[in-house]
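Read-outs: derived from the displayed coordinates by stated rules, not from any lab. Just so it is clear, the structure is predicted and the values come from calculations on it, not from any experiment. Using ideal geometry, Cβ is built from the backbone for each residue, glycine included, and neighbour counts are taken over all protein chains shown.
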Amino acid sequence: MNTNLKIKNRRIILWSLVVIYTFSLPYAIVVYNVIALRWSPEFAGFLPRLILLVAGTAYIFYSIKAKLPFNKMFLLIPCAIISCLIIYLEPNPNKHIHIPEYVLMTWLLFEAVRIDYKGTGIFLLVFFCSSFLGVLDEILQGIFPSRSYGWQDMLINSSSSLIGILSLIGLREDQGKNWNWINQLKEMRGPLSVVLLGILSTAVSCYMLFAVKNYRGLWFAYPDWLIAWNATFVLVIFVTLRVLCRHTMQDAGEFRTQKITAALWVLSALIIILYIHMVVVLSFSAGVPFQ
């Protein structure tokens, strides 16, 4: 098997894992409830803290064994502070499972992104993607029985993603020491405009979903003009993705790696925005109760 084929297969496997993992997160409560019934609610609530304790201990042992600089080990301090704040401020113990969930999310995303990413900024991109997927996760929870949609969980998801990023900074290297890919990003003004418009559209949709939730989960509270916009924007993203992929695959000589790195920023945002809008449109069309 040649190198290019190995890379292609690895890319497919890792990005498929990211998708599967994202859409399986709403089902984590099922595992939590099984553990609570099999042992006890107290043990189920303690399990996320146990996972974090084991992971932190493993981090320390690996840092010592690999003879990493002490400043890498010190990154555990902000990780511990963020974890403790989440646990202290969120009284519901089943919400604490979000911490290891999104630490794992950042690691999966990092391994997938770094296949093609060449340059500085990979940790920032992974944090953005993980936090944005946290929004998608919350919308999925809104249509999942026994789950609920809430801004507090979005904040926990982003904070947990930050813990994952800090651990990655300690154990992984950046993918280069240059920002030259930004020059290629500036040439993608059209797709970038769609991304910015998509972020605004997502924010408005998320806000209006609270109205749906407060209206006993019925979609009458969701404006007709907004669902029409969501549906139209799905088509806009499909067209943009087609154009962007065709543009990125064109031979750019010595700038090819920079173009691909820049495209990763746009592609990842567009795909997540696409999923968010599709979930909203399909849920509205099916009349699925939103809690």
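In the chain, the calculated helix contribution to ellipticity at 222 nm averages -26000 deg cm²/dmol per residue, counting -39,500 (n - 2.57) for every DSSP H run with n ≥ 4.
Here percent of Cα pairs over 30 Å apart was computed from the coordinates, and among (1) 28; (2) 38; (3) 51 the match is (2). Remark: for residue pairs 67/95; 6/177; 118/186, the C-alpha separation exceeds 24 Å in 67/95; 6/177. Toward the positive end of the charge dipole of the chain, with +1 on the Cβ of Lys and Arg and -1 on the Cβ of Asp and Glu, the farthest Cα among 117, 230, 164 is that of 117. For segment 56-112, trypsin sites (Lys or Arg not before Pro) are listed when DSSP marks them as loop and at most 16 other Cβ atoms sit within 10 Å of their Cβ; the list is 67.
From the Kirkwood radius over Cα pairs of segment 109-198, Stokes-Einstein at 4 °C and 1.567 mPa s returns a whole-number translational diffusion coefficient of 87 µm²/s.
Let's see if you can work this out: charge +1 on each Lys and Arg Cβ, -1 on each Asp and Glu Cβ, no other charges. What is the dipole magnitude of segment 139-291 about its Cα centre, in debye to the nearest 20? Mind dumping the intermediate values first?
Details: 11 positive and 7 negative charges, 18 e Å.
Dipole of segment 139-291, to the nearest 20 debye: 80 debye.
Extension gain, residue 31 to residue 286: 0.36 nm times the residue separation minus the Cα-Cα distance gives 89.1 nm.
Using only side-chain charges placed at the Cβ, +1 for Lys and Arg and -1 for Asp and Glu, the dipole size of the chain relative to its Cα centre rounds to 680 debye. Look at the dipole of the chain built from charges on Cβ: of 73, 46, 219, the Cα furthest out on the positive end belongs to 73. Normalised by residue number, the volume inside the convex hull of the Cα atoms of segment 179-291 is 93 Å³ per residue. The alpha carbon radius of gyration of segment 79-139, expressed as a multiple of 2.2 N^0.38 Å, is 1.28. From the alpha carbon centroid of segment 83-148 to that of segment 162-240 is 15 Å.
Segment 17-93: which chymotrypsin sites (Phe, Trp or Tyr not before Pro) are DSSP loop and have at most 15 other beta-carbon atoms within 10 angstrom?
39, 74
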